[in-house]
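*Asks:* I am attaching a structure below and will ask some questions about it afterwards.
Read the figures in this text as sums done on the coordinates, not as results from a lab. The shown structure was predicted, so the numbers you read here are calculated from the model rather than taken from an experiment. Cβ placement follows ideal geometry from the backbone for every residue including glycine, while neighbour counts extend to all protein chains displayed.
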Amino acid sequence: MASPKKKLQGLVAATITPMTENGEINFSVIGQYVDYLVKEQGVKNVFVNGTTGEGLSLSISERRRVAEEWVTKGRNKLDQVVIHVGALSLKESQELAQHAAEIGADGIAVLAPFFLKPWNKDVLINFLKEVAAAAPALPFYYYHIPALTGIKIRAEELLDGIQDKIPTFQGLKFSDTDLLDFGQCVDQNRQRQFAFLFGVDEFCIQRFINFVLKLGNFSKLKGSKNQGPLTLCTTNFPSLL
C-alpha cells in the first residue's frame with residue numbers, strides 16, 4: 001500500500017500557474033514561488049494544477065511541464081508536491097498520473113469527470129480506481145468539488161469502503177460548504193488516518209470573522225473590562241489555501 005513519506009497536514013498551498021502577458025506559462029518564476037512559500041509563508045506543501053492553477057484549462061503538455069517544474073524546484077525545499085491529474089478523459093488522467101510518478105511527485109489527486117458524469121458511487125469509484133492504478137506507488141487523494149463538477153455524491157458516502165477498492169487512497173480535498181458532510185467524513189474515518197483538506201478558504205475566512213465578532217459581543221455581555229489576549233483554538237485538520 002502506498003503511504004506518504006510524511007503525513008500531509010498543515011497548510012497546503014493551491015498554487016496558481018504563472019502566466020506571461022502573452023498567455024504563455026512563465027516557468028521561470030516557479031522557483032521564486034517555491035522560495036516565497038517556504039521562506040515568507042512557512043508553507044511546505046503544494047497542490048499543483050488544481051482549480052486555482054487552472055489545470056483543466058491547460059494542455060496536457062503544459063500540465064506535465066508545470067508538474068515537472070514544481071517537483072524539480074521544490075526538491076529538498078518542499079515536504080510534499082501533490083499533482084492534480086483529473087481530466088474528462090480517463091486515458092489522459094492515467095497518463096498524467098503515470099507522469100507524476102515518473103517525475104517524483106509525492107501524491108496525486110483526481111476530481112470526478114464532469115461531462116459524462118458518474119451517476120452513482122460505484123461508477124465514480126471505478127473511474128478513480130483506474131486512475132490510481134496508473135501510479136500504484138503514489139498516495140491517492142479524491143478532489144471533492146461539486147460546485148465545479150456537478151457531482152452530488154456525498155464525500156462521506158464515497159469514503160465508505162473506498163480503501164478496499166483503492167488501496168493507495170490517503171485522503172480527500174473537500175472543496176464544498178457542506179460542513180455536515182465534511183464533519184461526517186472526519187468523524188467516521190478517525191481510525192484510518194486519512195488526510196482531510198478543507199479547500200474553501202473564503203468560507204473559512206467568513207466564519208473566522210463571524211467567530212471573532214461573536215466573541216466580542218460575548219465579552220461586552222459579560223461586562224469584563226480586561227479581556228487579555230484573544231486566543232483562537234483551531235482543530236488540527238490539514239488546511240488548503
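*Asks:* Please list 3J(HN,Hα) in residue order for the range 184-193, calculated via the Karplus relation 6.51 cos²θ - 1.76 cosθ + 1.60 where θ = phi - 60°; whole Hz, with x for glycine and proline.
*Replies:* Each residue of the range 184-193 in turn: 5, 4, 5, 5, 8, 10, 4, 6, 8, 6 Hz.
*Asks:* Any of 6/165; 44/73; 7/173; 6/121; 91/129 with alpha carbons more than 18 Å apart? Name them for me.
*Replies:* On the way: 6/165 23 Å; 44/73 12 Å; 7/173 14 Å; 6/121 29 Å; 91/129 13 Å.
Result: 6/165; 6/121 exceed 18 Å.
*Asks:* Compute the distance in nm between two label points, each set 7 Å from the Cα along the Cα-to-Cβ direction, one at residue 152 and one at residue 178.
*Replies:* 0.9
*Asks:* Using a Förster radius of 30 Å, what is the FRET efficiency between residue 77 and residue 160 based on their Cβ-Cβ separation? Nearest 0.05, please. Mind showing how you got there, number by number?
*Replies:* Values: r = 37 Å, r/R0 = 1.24.
About 0.20, to the nearest 0.05.
*Asks:* Which values, in whole Å and largest first, are the semi-axes of the equivalent ellipsoid of the range 35-167 obtained as the square root of 5 times each eigenvalue of the Cα gyration tensor? Walk me through the numbers before you get to the answer.
*Replies:* On the way: eigenvalues 127, 45, 44 Å².
That gives 25, 15, 15 Å for the three semi-axes.
*Asks:* If each residue of separation counts as 0.36 nm, what is the full-extension length gain between residue 89 and residue 58 once their alpha-carbon separation is subtracted? Don't skip to the answer; put the middle values down first.
*Replies:* Values: separation 31, 0.36 × 31 = 11.16 nm, distance 1.40 nm.
Additional length available on full extension: 9.8 nm.
*Asks:* Order the peptides 70-82, 143-155 from the highest to the lowest mean number of other Cβ atoms within 10 Å of their residues. Intermediate values should be presented prior to the final figure.
*Replies:* Working: 70-82: 19.4, 143-155: 17.6.
The densest-packed peptide leads the list: 70-82, 143-155.
*Asks:* Can you compute the charge dipole magnitude of the range 64-194 about its Cα centre, using +1 on each Lys and Arg Cβ and -1 on each Asp and Glu Cβ, nothing else charged? Give it in debye, rounded to the nearest 20.
*Replies:* Values: 15 positive and 17 negative charges, 47 e Å.
Value, rounded to 20: 220 debye.
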